[in-house]
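Down below is the structure, laid out as C-alpha cells.
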Amino acid sequence: MPQLALVCPTFRTPASPATQWAHDIRNTLATAGLHLDTLQRLAGTPGRKAVEAAHALMRRATVMCDQALAQAARNEPVLRRRSVDVVETIRQVTDVLEPIVPEQLAIRVHADRGVQVVADAEQVFRILFNVVHNAVTLARRRRSIRTVDITVERRDATVVIRIADDGPGLPAAIRRNLFRSGPSATGGGGIGLAIARELAERNGGVLELALSHKGTTFDLALPAAPRLASVACDAVTRSLGRRALAS
C-alpha cells in the first residue's frame, strides 16, 4: 500500500497593523502620483478627471490615517459596520482608478443598483481597491490583460463580488502563497491580498481565489443587509478604458 506524505503548510507571521496601514497608504499615494503625472500630458476634461481622482485618493489616505490613529489609541481594530451599497463602493474604486487604466483595458461592472452589505464602508473600499488595483497594475505591465469584469450577485444572506480578468492567470507557486505577506507577482509589496482577506474576514466575509478557465478570478463574499422592501432595480453596466466592450 503506497505511503501518503503529509505536507504541512508553513505560515508567515502576519504583517503588523502598522505595516498593513503603511502598505495601503503607499498604494493610495502612489496611484495619486500617477494621476498627477498624467496631468502633465493631459488637458481639458481628462485632466480635470485626474485631478478629481487624485483629490479623492488623498481624502481616502487621510481617513485611513485617522482610523490608524484611533486604532492605536484604543489598541483594538476600529470597525464601523453598517449597511453599505457595495455597487456604489465599486463605482468609487473604479472612478479613482480610471485615469491610470491603460488604453487596452476595459473594466466592466455588471450589477443591480443598491446591493447592500453589512460591513465597514472604508474597509470594503480597501478590499476592492487592493484587488482591482492589482489587476490594473498588471494590465499596465502586461498588455495581455484586456478586460476586468466585476459582477455582483446576492445569494440569500450573502453578496458575492466576483472580479475576473482575462489575462494569462497566475503560476501555481504564486497561487499557493497568494494570501501570505511577502513579495508576489500581483503588484505592490505582496501583502495587498493578505490585507484584503483579513479585512473581509473581519467583516464576516471571505476573499478567495476562484477556479477559472482563463485569467485570474477572485470571489469576495460579504454578509447581505436585510431586505427592507421590494424595489425594482435597473441593471447597471459601466465600462472603463477607451475600449467600450458590450456586456
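Read-outs throughout are calculated quantities, based only on the coordinates presented, and are distinct from any laboratory measurement. Since the structure is predicted, the reported quantities are computational estimates derived from the model, not experimental observations. As a convention, Cβ positions derive from the backbone with ideal geometry for all residues, glycine included, and neighbour counts pool all protein chains shown.
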query = HN-Hα J couplings of segment 122-135 from phi, Karplus 6.51/-1.76/1.60, θ = phi - 60°, integer Hz, Gly and Pro as x?
reply = 5, 6, 4, 4, 5, 4, 5, 4, 4, 5, 5, 4, 4, 5
note = Listed with the fewest Cβ neighbours within 10 Å leading, Arg126, Arg113 appear as Arg113, Arg126
query = For Lys214, Lys49, what ranking results if the residue with the fewest other Cβ atoms within 10 Å of its Cβ goes first?
reply = Lys214, Lys49
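Determine the gain in length on full extension of the stretch Arg155-Arg141; use 0.36 nm per residue of separation and subtract their C-alpha separation, reporting nm with one decimal.
1.5 nm
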note = By the C-alpha gyration tensor axes a ≥ b ≥ c (rounded if a/c is under 1.5, else prolate when a/b exceeds b/c, else oblate), the shape of segment 75-152 is oblate
task = Over 27 Å, how big is the tail of the calculated P(r) for segment 79-240, in percent of all Cα pairs?
result = 20
request  = Let me have the relative contact order for segment 112-220, percent, based on Cα pairs under 8 Å that are six or more residues apart.
outcome  = 29
key: Estimated distance in nm for a label pair at Leu29 and Val51, the labels positioned 7 Å out from Cα along Cα-to-Cβ   = 2.3
request  = Could you tell me what percent of the DSSP beta bridges with both partners in segment 79-240 are antiparallel, to the nearest 5?
outcome  = 85
message = Could you compute the net charge surrounding Val117? Neighbours are other residues with a C-beta less than 15 Å from the C-beta of Val117; K and R count +1, D and E count -1.
response = +2
ask   = For segment 112-156, list residues with backbone N below 19 Å from a point placed 7 Å from the Cα of Arg227 toward its Cβ?
value = 112-118, 152-156
